[in-house]
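Comments concern the structure below.
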Amino acid sequence: MRRSRTIMRRLTAALAAVITLLALTAGARPPVPASASFADTFADPVIVRGDDGFYYAYGTSDPLREGERTPHRIPMARSADLSRWTYVGDAFQTLPSYAAPGASLWAPDVRKVGNRWLLYATVTETTTAAGASAIGVATAPGPTGPWTWAPEPAVPPRAAPGGGWWWTFDPAQLTTPDGRKYLYYGSYFGGIWVSELTADGLRITGTPTRVAVDNKFEGAYVVRREGWYYLFASSANCCAGPTTGYSVSVGRSRSPLGPFTDRDGLRLDVSRAGGTPVIAPNGNRWVGTGHNGLVTDRRGQDWFVYHAIDRNDPYLDEPFGINERPMLIDRLDWIGGWPTVNGGAWASDKRDAAPARTPVPGRLLFADEFSGSAAGWSWVREDPAATVSGGALRWPVQGADLTGTSNNAGVLLRTPPAGSWIAETRLTLPLGEDTVRNYQQAGLIAYANDDLFARLSAVAIWNTRQVEFGKEMPYAEALSYGGTIAGTPGESVTWLRLAHRIDPANGEHEYRAGVSRDGKHWTWGGVWTLPADSAPRIGLVAHGGAAPAVTASFDYLRFYKW
């Protein structure tokens, strides 16, 4: 009987391998969302391939289904083909000994080291002090356990200079060709760091190195390809419901310790941090496309594993429960040495995404060079401090805002052309570097009203300087605001573009963000939509904080045919 069971197990594994090979060789794409068969939400996913030929997925601790309300401590699922998934249980019934009683387990990373499996996870609260997180590690003989916690964390809590504890989140392990092991970890408060691991992979050793700036990046994942180490990292808010702008960008280095730079040579560990876009919201139902892993199938195709939020069903329990973040799996393409999801089309929906259409300006439709008449412009809350002289609109940044219920910032607007177009401005905004100037900003806006807009602005976010593309909208008798990071501003001058089209399927207004540091080379970021029955105007803003004083200068507003 025992021999028969062994034969049956081997036959099952062999059949699974054949099914997987046939499905993936045929180019089958996982369904959307990939986790639908066993979970409504499966955040921060990572997938590994086991020795038995199956794929194993692990997610953050949340309830799996609508209405369930009880979180699973690192849920696990199994698949033979990356398409059909089965829930196989939770990794843990108990917390590690150093965890506080109310701690949660987030963002697992699973690897095989030697003859055993290691599972790293964020332990959100430890007994060290209030707010002190750590990276826990557990071992198992197989990819589904049984898992045994190591007695000490792989990364203990880290005190932040000036008080508090750095966010010790989001572990990602890497083994280099020479057998050395590294662990990446960290989040917005403190940045992303890498440390070498002991040979058994159970704890960090030596001096850590920061590889990505704080207040911009989290969710690291690192792979080696053709002699380069690629650091994938997520930016913006993971969990803002229908306006979640979470997205992934990448930098690369010849060393696992960095420095990592993007396609334009911009470092990821400085105030004006770079990052080449890998995926961002693209205008379909999926927003919050972030916190990724990678898995390679048997024919060598890379697949991008991530979570996203359906903007039409953003919460696990409406109207404001846990953000519902199912697992998605899409093809990862490498173009000119840089990764992008679905050839740049990003998240797919019910069918394969078509190749992305990069916005390219056509003939000039309209231009205001701020050298003559102000005809065609109108104010929402006129700011008398804004003046036109010397071929520029000069506007001292207001101590005001549009988000939430504040609605006290001035907005200078005009009606855009019909159809598809690209709006462009050249903005001078000297925000310096490194210092905190929250949240001084200026840029372009697609404005329907004070509670419905999409704003593209160069902005100071704590010590960083970023270009944020944010959206506000009414939701469930409240307001929802979130942003996606569209690019890196120049030292003082930044070119901004909004590319507009009408979605032929639903009539929505789609706006895609473009950023340039020289007016020639453009980075195109994510897409926000405004309703089909709205009539947004396009204009300029300069607000977010009046001290220290800074003036935004706009050289022009131009509309090109797209």
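The values are calculated or read from the model by the stated rules, or taken from the named source; none is laboratory data. Keep in mind that what you see is a predicted model, and the values were worked out from it rather than measured. Quick reminder, even Gly has a Cβ in these numbers, built from the backbone with ideal geometry, and neighbours come from all protein chains shown. When the accessible area is computed, the model is the full protein with side chains, heavy atoms only, and any ligands, DNA or RNA have been set aside. Shrake-Rupley method; radii C 1.70, N 1.55, O 1.52, S 1.80 Å.
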Exercise for the section: Name, by its number, the condition in (1) of a type outside the set (S, T, N, Q); (2) within 19 Å of the chain's Cα centre (by Cα); (3) open to solvent by less than 20 Å² (accessible area, probe 1.4 Å); (4) closer than 29 Å to Ser104 by Cα that does not hold for Pro339. Expected result: (4)
Problem - Verdict on Gly274 being small (Gly, Ala, Ser) and either part of a strand (DSSP E or B) or closer than 20 Å to Arg331 by Cα (or both) - result: no
Practice task
Considering (1) within 21 Å of the chain's Cα centre (by Cα); (2) under 17 Å from Gly344 (Cβ atoms), say which one Thr488 fails and leave the rest.
Solution key: (2)
Handout entry: Selection within segment 130-189 - in contact with a Lys or Arg (Cβ under 6 Å, 6 or more places away or on another chain), open to solvent by 40 Å² or more (accessible area, probe 1.4 Å) and β-branched (Val, Ile, Thr)
Key = Thr175
Problem - Residues satisfying the stated conditions in segment 484-520, i.e. in a loop (DSSP other than H, G, I, E, B) and either among the small types (Gly, Ala, Ser) or out of contact with any strand residue (DSSP E or B) (no Cβ under 8 Å at 6 or more places or on another chain) (or both) - result: Gly490, Glu491, Ser492, Pro504, Ala505, Asn506, Gly507, Gly519, Lys520
Exercise for the section: Please enumerate the residues belonging to segment 366-386 that are of a type outside the set (Asp, Glu), open to solvent by 50 Å² or more (accessible area, probe 1.4 Å) and over 24 Å from Asn449 (Cα atoms). Expected result: Ser371, Gly372, Ser373
Practice task
Determine, yes or no, whether Val515 is in contact with a Pro (Cβ under 8 Å, 6 or more places away or on another chain), more than 13 Å from Gly443 (Cβ to Cβ), surrounded by 14 or more Cβ atoms within 10 Å (Cβ to Cβ) and not charged (D, E, K, R).
Solution key: no
Practice task
Would you mind stating whether Ser480 is part of a strand (DSSP E or B), in contact with a helix residue (DSSP H, G or I) (Cβ under 8 Å, 6 or more places away or on another chain) and open to solvent by less than 30 Å² (accessible area, probe 1.4 Å)?
Solution key: yes
Completion exercise
Among the residues of segment 540-562, the number that are in contact with a strand residue (DSSP E or B) (Cβ under 7 Å, 6 or more places away or on another chain) and either surrounded by fewer than 22 Cβ atoms within 10 Å (Cβ to Cβ) or assigned to a loop (DSSP other than H, G, I, E, B) (or both) is 11
Exercise for the section: For Thr428, indicate whether it is within 22 Å of the chain's Cα centre (by Cα) and within 19 Å of Ala546 (Cα to Cα). Expected result: no
Exercise for the section: Check segment 532-539 and report whether any residue there is under 20 Å from Arg272 (Cα atoms), touching a strand residue (DSSP E or B) at 6+ places or on another chain (Cβ under 9 Å) and either outside any loop (DSSP other than H, G, I, E, B) or small (Gly, Ala, Ser) (or both). Expected result: no
Exercise for the section: Give the residues of segment 368-402 that are over 10 Å from His543 (Cβ atoms), assigned to a loop (DSSP other than H, G, I, E, B) and either touching a helix residue (DSSP H, G or I) at 6+ places or on another chain (Cβ under 8 Å) or aliphatic (A, V, I, L, M) (or both), sorted by residue number. Expected result: Ala374, Ala375, Ala385, Ala386
Exercise for the section: Looking for whichever is at pLDDT 50 or above, in contact with a His (Cβ under 7 Å, 6 or more places away or on another chain) and among the aliphatic types (A, V, I, L, M) here; the options are Ala28, Ala57, Ala43. Which one fits? Expected result: Ala43
Exercise for the section: Just need a number here: residues in segment 450-468 that are touching a Gly at 6+ places or on another chain (Cβ under 6 Å) and more than 16 Å from Arg517 (Cα to Cα). Expected result: 1
Problem - 3 or more residues open to solvent by less than 10 Å² (accessible area, probe 1.4 Å): qualifying strands (runs of 3 or more DSSP E) within segment 43-82 - result: 55-58, 75-79
